[in-house]
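K.L.:
Sharing a structure here in structure tokens format.
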Amino acid sequence: MLLQITHQDLTSLNTLGLRAYANAFLRYDSHAHLSELSDVACDYPAVFILGGGSNVVLAPALDCLVIKVESRGIAIVSETDREVIVEAYAGEVWHDFVASCLAQGWNGLENLALIPGTVGAAPVQNIGAYGVELDQRFHSLVVWDMATKQLLEMSAADCQFSYRNSFFKRAEPGRWLIVKVRFSFKRDWQPVIDYPDLQQHPVLQKAGASVMASQIFDAVCEIRRKKLPDSSVMGNAGSFFKNPVVSGDVFSDIKARFPGLVAYPQAGGDYKLAAGWLIDQAGWKGRRLGPVGVHERQALVLVNHGGATAHDIESLADAIRIDVADRFGVRLDQEPVIVDDRLRDT
Ligand code: EPU
């Protein structure tokens, strides 16, 4: 057997920095080991596939097999005068991948700079920021079916992308291991700078129509660094809640009661509400509950002040959810996935 199974402290392998431990852990770095991976997995009640650990709430002790994806490599799949298709292995660090694409002149991912995590995790929650979502740049992906031991190719339609959601979020946990993801970079790149934070950025304003992708990349990095805590300094998982989508009637009702409500109209008459605004208005910004709290500059981000466990973060999330539901009548859904023994039952 080539794959080594060990015990592993996961505290430094999740960006929230929650205290967690895996009783069975292995690192996967080559697709040559996929078949063996499936064989090994049969000995465990469940499997959890871990990327950069930036979107997970890990229970203190995990009995499932934790597979840490560390496969690397970036290559051109095809090139025409219209587009370049590039594939990256799942273990590539997302931000480094975005930066190396720009260095090659492959523009299109610059708005997604500095999102934590790996390439393989990016399609799972269809990452998005500053007016761009992954599915707009996605070509296809290759996935290993752990159960049937098959490599399959999936198109965007197969992945069923929507706001922070995809087929993989609803699928049987641990069954699908994303091997590599392919992106389409158009030669006639168009900047996306209509998000308010970008519109107001002085460098982008000055550049106007001749703005370069590298300038957008730099602006996004600067904005994110200002607003969002660095997980190496203060544990966090980015936005902890999704922005809830409500009907036009529900929106009008809340807006009448809270005129300052921040919301974005969606196709079909629905509205996406800024969850950060709701949580902020409810007075949670900067508040602490034991070792965890709400970030002082961005109410959507929950932080670990040190030594927290999944229980601490879930208690805080529940308190916020209940308060927001009481005040506004809106249900907040969590972004990070809870990883615990319940994996077995789902
Ligand atoms: N707001 C407040 N108080 C706060 C936070 C936000 O009033 O504490 C208001 C802001 O003033 C603004 C509105 O809420 O009017 C929206 O805030 P922001 O532009 O910061 O974006 P967001 O909706 O909070 C989303 C994504 C982020 C992404 C940014 C930029 C979700 C759940 N979050 O945040 O994604 O970086 O837009 O596109 O969709 C992530 O998913 O981890 C993440 C960081």
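The values are calculated or read from the model by the stated rules, or taken from the named source; none is laboratory data. This one's a predicted model, so the numbers in the text were calculated from it and none came from an experiment. Positions of Cβ are backbone-derived with ideal geometry, glycine not excepted, and every protein chain shown enters the neighbour counts. Note: areas computed on protein heavy atoms with side chains; ligands, DNA, RNA excluded. Shrake-Rupley method; radii C 1.70, N 1.55, O 1.52, S 1.80 Å.
K.L.:
Round to a whole angstrom and tell me the spacing of the C-alpha centers of segment 139-191 and segment 61-84.
P.N.:
10
K.L.:
Still on this structure: Mean projection of the alpha-carbon convex hull of segment 231-339 over all orientations, in nm²?
P.N.:
On the way: hull surface 28.7 nm².
Convex hull of Cα atoms, orientation-averaged projection: 7.2 nm².
K.L.:
Running a GNM on the chain with Cα contacts under 10 Å, which residue among 285, 180, 272 ends up with the highest mean-square fluctuation?
P.N.:
Checking each option, the largest mean-square fluctuation is seen for 272.
K.L.:
Give me the extension gain from residue 3 to residue 29: residue separation times 0.36 nm, minus the current Cα-Cα distance, reported in nm with one decimal. Can you show the working numbers first?
P.N.:
Values: separation 26, 0.36 × 26 = 9.36 nm, distance 0.99 nm.
Additional length available on full extension: 8.4 nm.
K.L.:
Let me ask another. How big is the charge dipole of segment 231-339 about its Cα centre, in debye rounded to the nearest 20, if each Lys and Arg gets +1 on its Cβ and each Asp and Glu gets -1 on its Cβ? Show your work: numbers first, answer last.
P.N.:
On the way: 11 positive and 12 negative charges, 53 e Å.
Dipole magnitude for segment 231-339 comes out near 260 debye.
K.L.:
Can I ask one more? Mind giving me the FRET efficiency for residue 270 and residue 199? R0 is 35 Å, r the Cβ-Cβ distance, nearest 0.05 is fine. Walk me through the intermediate numbers first.
P.N.:
On the way: r = 24 Å, r/R0 = 0.67.
Efficiency, from the Cβ-Cβ distance: 0.90.
K.L.:
According to the square roots a ≥ b ≥ c of the eigenvalues of the Cα gyration tensor, what is the shape class of segment 74-225, taking rounded for a/c under 1.5, prolate for a/b larger than b/c otherwise, and oblate for the remainder?
P.N.:
Working: a/c = 2.30, a/b = 1.73, b/c = 1.33.
Prolate, because a/c is 1.5 or more and a/b exceeds b/c.
K.L.:
Given a 1.4 Å probe and the protein chains all in place, what does the accessible area of residue 222 round to, in Å² to the nearest 10?
P.N.:
Its accessible surface works out to 80 Å², give or take rounding.
K.L.:
To continue, here is another question. Mean Kyte-Doolittle hydropathy of -0.5 or higher plus an axial Cα length of 24 Å or more: which whole DSSP H helices in the chain meet both?
P.N.:
Working: long enough: 310-328 (26 Å, 0.05).
Long hydrophobic helices here: 310-328.
K.L.:
Please list 201, 95 from largest to smallest accessible area, probe radius 1.4 Å, with all protein chains kept in place. Walk me through the numbers before you get to the answer.
P.N.:
On the way: 201 15, 95 40 Å².
Ranked from most to least accessible, the order is 95, 201.
K.L.:
Along the positive direction of the dipole of the chain (beta-carbon charges: Lys, Arg +1; Asp, Glu -1; about the Cα centre), which of 111, 28, 127 reaches farthest?
P.N.:
My answer, from the dipole projection, is 111.
K.L.:
Could you check the simple spin-label distance between residue 258 and residue 153, using points 7 Å along Cα→Cβ, in nm with one decimal?
P.N.:
4.7
K.L.:
Counting other C-beta atoms within 10 Å, and keeping those with at most 14, which DSSP coil chymotrypsin sites (Phe, Trp or Tyr not before Pro) do you find in segment 125-165?
P.N.:
Values: sites: 130, 138, 144, 161, 163; in loops: 130, 161, 163.
Filter output for segment 125-165: 163.
K.L.:
Still on this structure, please answer the following. In Å², what does the accessible area per residue of the chain work out to with a 1.4 Å probe? Each step should come with its number before you reach the end.
P.N.:
Working: 15650 Å² over 346 residues.
Spelled out: the 1.4 Å probe surface of the chain, per residue, equals 45 Å².
K.L.:
Need the list of lysines near residue 226 for cross-linking: C-alpha distance under 22 angstrom, and skip anything on the same chain fewer than eight residues off.
P.N.:
206, 242, 285
K.L.:
Can I ask one more? Between 229, 244, 60, find the one with the highest GNM mean-square fluctuation for the chain; connect C-alpha pairs within less than 10 Å.
P.N.:
Checking each option, the largest mean-square fluctuation is seen for 244.
K.L.:
Mind listing which chymotrypsin sites (Phe, Trp or Tyr not before Pro) in segment 207-273 are in a DSSP loop and have 12 or fewer other Cβ atoms within 10 Å? Numbers along the way, then the final one.
P.N.:
On the way: sites: 217, 240, 241, 251, 271; in loops: 240.
Listed in order of number, the matching sites amount to none.
K.L.:
Over the chain, with a Gaussian network built from C-alpha contacts below 10 Å, which listed residue (231, 162, 54) shows the highest mean-square fluctuation?
P.N.:
162
K.L.:
Another question, then. Test of understanding: what is the full-extension gain from residue 232 to residue 209, defined as 0.36 nm times their sequence separation minus their Cα-Cα distance?
P.N.:
Numbers: separation 23, 0.36 × 23 = 8.28 nm, distance 3.63 nm.
Answer, rounded to one decimal: 4.7 nm.
K.L.:
If we count every other residue with Cβ under 10 angstrom of residue 77's Cβ, Lys/Arg +1 and Asp/Glu -1, where does the sum land?
P.N.:
Numbers: positive: 180, 182; negative: 79, 87.
With Lys, Arg at +1 and Asp, Glu at -1, the neighbours total 0.
K.L.:
Just want the answer: with Cβ charges of +1 for Lys and Arg and -1 for Asp and Glu, which residue in 278, 250, 315 is farthest toward the dipole's positive end in segment 231-339?
P.N.:
278
K.L.:
May I ask for the distance between the Cα centers of segment 94-111 and segment 260-284, given as a whole number of Å?
P.N.:
Computed from Cα coordinates, the inter-centre distance equals 30 Å.
K.L.:
Please give the charge dipole size of the chain, origin at the Cα centre, charges +1 on K and R Cβ atoms and -1 on D and E Cβ atoms. Round to the nearest 20 debye. Could you put the intermediate results ahead of the total?
P.N.:
Details: 33 positive and 41 negative charges, 161 e Å.
It comes to approximately 780 debye.
K.L.:
What nm distance separates the two modelled labels at residue 326 and residue 296, each placed 7 Å from Cα along Cα→Cβ?
P.N.:
Taking the two extended label points, one gets 2.6 nm.
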